[in-house]
1. Looking for something outside any loop (DSSP other than H, G, I, E, B), surrounded by fewer than 20 Cβ atoms within 10 Å (Cβ to Cβ), more than 13 Å from the chain's Cα centre (by Cα) and within 9 Å of the ligand (Cβ to nearest atom) - is there at least one such residue anywhere in segment 110-117?
2. Going through segment 55-82 one residue at a time, which ones are in a loop (DSSP other than H, G, I, E, B), away from the ligand (no atom under 16 Å from the Cβ) and not small (Gly, Ala, Ser)?
3. Please pick out the residue among 193, 219 that is within 23 Å of residue 45 (Cβ to Cβ) and either part of a loop (DSSP other than H, G, I, E, B) or touching a Pro at 6+ places or on another chain (Cβ under 8 Å) (or both).
4. Any residue at all in segment 20-31 that's over 30 Å from residue 237 (Cα atoms), without any contact (Cβ under 8 Å) to a residue 24 or more places away in the chain, out of contact with any helix residue (DSSP H, G or I) (no Cβ under 6 Å at 6 or more places or on another chain) and not acidic (Asp, Glu)?
5. Quick one: in segment 149-163, of everything that is buried (at least 24 other Cβ atoms within 10 Å of the Cβ) and touching a residue at least 40 places away in the same chain (Cβ under 8 Å), which residue is farthest from residue 110 (Cα to Cα)?
6. Checking residue 96 against (1) touching a residue at least 12 places away in the same chain (Cβ under 8 Å); (2) within 16 Å of the ligand (Cβ to nearest atom); (3) open to solvent by 20 Å² or more (accessible area, probe 1.4 Å); (4) farther than 27 Å from residue 231 by Cβ, which test does it fail?
7. It is to be established whether one or more residues within segment 210-217 are at negative phi, in contact with a strand residue (DSSP E or B) (Cβ under 9 Å, 6 or more places away or on another chain) and of a type in the set (Lys, Arg).
8. What are the pairs, 6+ residues apart or on separate chains, where a residue within segment 122-137 that is farther than 22 Å from residue 219 by Cα has its Cβ under 6 Å from a residue that is open to solvent by less than 50 Å² (accessible area, probe 1.4 Å) and not in a loop (DSSP other than H, G, I, E, B)?
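The values are calculated or read from the model by the stated rules, or taken from the named source; none is laboratory data. Quick caveat, the model's predicted, so the values are computed rather than measured. Here the Cβ is made from the backbone with ideal geometry for all residues, glycine too, and neighbour counts use every protein chain on show. Note: accessible area is taken over every heavy atom of the protein model, side chains too, but ligands, DNA and RNA are not part of it. Shrake-Rupley method; radii C 1.70, N 1.55, O 1.52, S 1.80 Å.
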Amino acid sequence: MSDKPEKFIDEKGLRLDGRRVNEIRPMKMEIGVLSRADGSCYLEWGKNKVLAAVYGPRELHPRRLQKADSALIRYRYNMAAFSVEDRIRPGPSRRSIEISKVSREAFEPVVLTHLYPGAVIDVFAEVLQADAGTRTAAINAASMALADAGIPMKGLVSACAVGKVDGQLVLDLNKPEDNYGDADIPMAMTSEGEITLLQMDGDVTQEEFKQAVELCKEGCRQILEIQKETLKNKFTKLEEVEVSD
Ligand code: ADP
């Protein structure tokens, strides 16, 4: 028997978790949570819990893998075995390899890799608890971990998904919307709204697609504000410590 809800949006325009169609789930994040990483971020978004760690830039070994004119970015997305209801088999899967690839590509246009020829920047995104939207949650956390590591970037990357349920576009899918909805379109974008990741599962019309991009931009703007606020808080605290020293 399917657990598909009869309706995803009620007559008041509210979704199963009480959000409006253009609202993201509550998000909070903290940076600098791992002392051995060069940069790190712990992020909670709805019931998703993600830890991102950045190491580098450091010299890439073996040297034959080095790029003469830029740094190499490596990105590993991984779901912990205990992150979903049924245990996930540890190690890479087709899904995690694909997500790692597209997530790395989401950062390539913004990281100033030409400043570090021969180097590598490693990004690890560990999903500790999954509840739909983990690739976008991981990208938001990774973006913060990169900033925390002081890696020069054109700007932060923010990510969010748009989906379609009951014939309506909705921002930031929750689990039932992700499982039983008609479309799932995760996107990542720069602070200027330039799209660096776009995937699509399901069907939308051309007009709906244009609206989905606009809705996603709205979501990413909200996320960018939270990201900027988190960075500001950390650096204000550091300034306070320096002044009192
Ligand atoms: P995303 O997490 O980016 O939305 P998917 O659409 O592939 O990626 O997955 C949706 C959700 O399905 C995940 O967030 C997670 O809660 C769940 N899920 C994904 N892979 C598995 C798996 N192998 N076993 C159980 N649940 C999974």
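1. no
2. To start, the set of residues in segment 55-82 that are in a loop (DSSP other than H, G, I, E, B) comprises 60-62, 66-71, 80-82.
Next, from what is left, pick out any that are away from the ligand (no atom under 16 Å from the Cβ): 60-62, 66-71.
Hits for segment 55-82 are 60, 61, 62, 66, 67, 69.
3. Details: 219 fails: either part of a loop (DSSP other than H, G, I, E, B) or touching a Pro at 6+ places or on another chain (Cβ under 8 Å) (or both).
193 is the lone residue from the list that is within 23 Å of residue 45 (Cβ to Cβ) and either part of a loop (DSSP other than H, G, I, E, B) or touching a Pro at 6+ places or on another chain (Cβ under 8 Å) (or both).
4. Among the residues of segment 20-31, at least one is over 30 Å from residue 237 (Cα atoms), without any contact (Cβ under 8 Å) to a residue 24 or more places away in the chain, out of contact with any helix residue (DSSP H, G or I) (no Cβ under 6 Å at 6 or more places or on another chain) and not acidic (Asp, Glu), which makes the answer yes.
5. Of the residues in segment 149-163, the ones buried (at least 24 other Cβ atoms within 10 Å of the Cβ) are 151, 157-163.
After this cut, where a residue has to be touching a residue at least 40 places away in the same chain (Cβ under 8 Å) as well, the list is 151, 157-162.
Details: 151: 10, 157: 8, 158: 12, 159: 14, 160: 17, 161: 20, 162: 23 Å.
Here the answer is 162.
6. (3)
7. Yes, segment 210-217 has at least one match.
8. 122/56; 123/54; 123/75; 123/142; 124/53; 126/51; 126/78
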